[in-house]
Amino acid sequence: MIWIILDKTDFAIEWLTNLLETTTIPVIKPALPVWVTSCLKKAKTLRKEGSFGAPSENEIENTVKRLFHDMPGYKTNALTEQPITHNLLTR
């Protein structure tokens, strides 16, 4: 369901992170393109040929580019060290 919303609307990446924070799914803030790509690869949709599976690599790439279009360095964002926060439990 999340894939369909992200694919068909103009919601920003903050919408996805805010939604996932309400679940037990670990969230990385600020969201990185590689993390979002990994999340979207877990999506299961009904494909044109009738099977269920993840969206195509091309569909995921286009959606991630759209979500990160206004962030400087979004193409290399995953390779650079950045301060992040998370909602994981600490020991």
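FYI, it's all coordinate maths here, none of it is from the lab. These figures come from a predicted structure and were not determined experimentally. Reconstructed Cβ throughout: ideal geometry from the backbone, glycine too, with neighbour counts over all protein chains shown.
Relative contact order for region 9-61 using alpha-carbon pairs under 8 Å, separation at least 6, rounded to a whole percent?
Once divided by the residue count of region 9-61, the mean separation gives 22 percent.
Sequence neighbours fewer than 8 away in the same chain don't count; with that in mind, list the lysines whose C-alpha is under 17 Å from K8.
Those lysines meeting the cut-off are K41, K44, K48, K65.
Quickly work out the T45-to-I4 label distance, labels modelled 7 Å from Cα along the C-beta direction, and quote it in nm with one decimal.
Using points 7 Å along Cα→Cβ, the separation is 1.0 nm.
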